[in-house]
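Peer 1: Starting off with a structure, shown below.
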Amino acid sequence: MLGIPLHDGDFVEDGQSRSFVRLVYGVLAENWESWSTIIRLIKARTTTQQEKEFVLNGLKSMKGGPTAVKTYIEQAIHYSEQFRQNVLVHQLKQLLDEVMVAEKEKTSEVMLVKVKDLAA
């Protein structure tokens, strides 16, 4: 699909250990339907508020974790800028900020728990 082999070196297929390449392919496959619809809406000459909300909600619900979600949002911003969807660009940048803040808060909470565990 992307020219990336499904086998990436010293990969042991034991059902538990998944290679990076398989993880990437999995994320792409899981998100393909939503992503293709999002791109189609971004490329449209006009979009309704409901369609813009679909784009935002679709991006928030992308599978693959925070890094994948941020990457999809960044790509959506890039495409929205190319197709001069200025309102959508603004909304997507706000969404990216929200996702990044939420990730930082989660990271801080995890670090706090680890510090408490070490102190105990």
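The values are calculated or read from the model by the stated rules, or taken from the named source; none is laboratory data. Treat the numbers as computed from the prediction; the structure is a model and nothing was measured. Positions of Cβ are generated from backbone atoms using ideal geometry, with glycine treated the same way; all protein chains shown enter the neighbour counts.
Peer 1: Could you tell me whether T71 is out of contact with any helix residue (DSSP H, G or I) (no Cβ under 8 Å at 6 or more places or on another chain), surrounded by fewer than 16 Cβ atoms within 10 Å (Cβ to Cβ) and not in a helix (DSSP H, G or I)?
Peer 2: Judged against the criteria, T71 is not a match.
Peer 1: Now for a separate question. Tell me, please, whether a residue that is touching a Leu at 6+ places or on another chain (Cβ under 8 Å) and either of a type outside the set (D, E, K, R) or at pLDDT 95 or above (or both) can be found in the range 100-118.
Peer 2: Taking every residue of the range 100-118 in turn, none turns out to be touching a Leu at 6+ places or on another chain (Cβ under 8 Å) and either of a type outside the set (D, E, K, R) or at pLDDT 95 or above (or both).
Peer 1: Let me ask something else about it. Could you figure out which of (1) modelled with pLDDT under 95; (2) out of contact with any helix residue (DSSP H, G or I) (no Cβ under 6 Å at 6 or more places or on another chain); (3) within 23 Å of L28 (Cα to Cα) isn't true of G64?
Peer 2: Condition (2) is where G64 drops out.
Peer 1: Of a type in the set (S, T, Y), within 17 Å of the chain's Cα centre (by Cα) and at pLDDT below 95: does that describe Y72?
Peer 2: no
Peer 1: Then there's this: Within the range 20-41, identify whether any single residue is without any contact (Cβ under 8 Å) to a residue 60 or more places away in the chain, surrounded by 13 or more Cβ atoms within 10 Å (Cβ to Cβ), hydroxyl-bearing (S, T, Y) and touching a Phe, Trp or Tyr at 6+ places or on another chain (Cβ under 7 Å), and answer yes or no.
Peer 2: no
Peer 1: Another one. Does A68 fit the bill of being closer than 30 Å to F20 by Cβ and in contact with a Leu (Cβ under 6 Å, 6 or more places away or on another chain)?
Peer 2: no
Peer 1: (1) in a helix (DSSP H, G or I); (2) modelled with pLDDT under 95; (3) in contact with a Ser or Thr (Cβ under 8 Å, 6 or more places away or on another chain); (4) not hydroxyl-bearing (S, T, Y): which one isn't true of F54, the others all being true?
Peer 2: (2)
Peer 1: Still on this structure, I have one more. Does Q94 meet the test of being under 20 Å from V55 (Cα atoms), over 12 Å from the mean Cα position of the chain (by Cα), in a helix (DSSP H, G or I) and polar (S, T, N, Q)?
Peer 2: For Q94, the condition - under 20 Å from V55 (Cα atoms), over 12 Å from the mean Cα position of the chain (by Cα), in a helix (DSSP H, G or I) and polar (S, T, N, Q) - is met.
Peer 1: Right, here's the next one. Being of a type outside the set (A, V, I, L, M), surrounded by 11 or more Cβ atoms within 10 Å (Cβ to Cβ) and out of contact with any Phe, Trp or Tyr (no Cβ under 6 Å at 6 or more places or on another chain) is the requirement here; does K114 meet it?
Peer 2: Taking the combined requirement at face value, the residue does not satisfy it.
Peer 1: Right, next: Restricting attention to the range 74-91, report how many residues are free of Cβ contacts under 8 Å to residues at least 12 places away in the same chain and not in a helix (DSSP H, G or I).
Peer 2: 1
Peer 1: Of these, Y79, Y25, which one is of a type outside the set (S, T, N, Q) and either at pLDDT 95 or above or touching a strand residue (DSSP E or B) at 6+ places or on another chain (Cβ under 8 Å) (or both)?
Peer 2: When all the criteria are applied, what remains is Y79.
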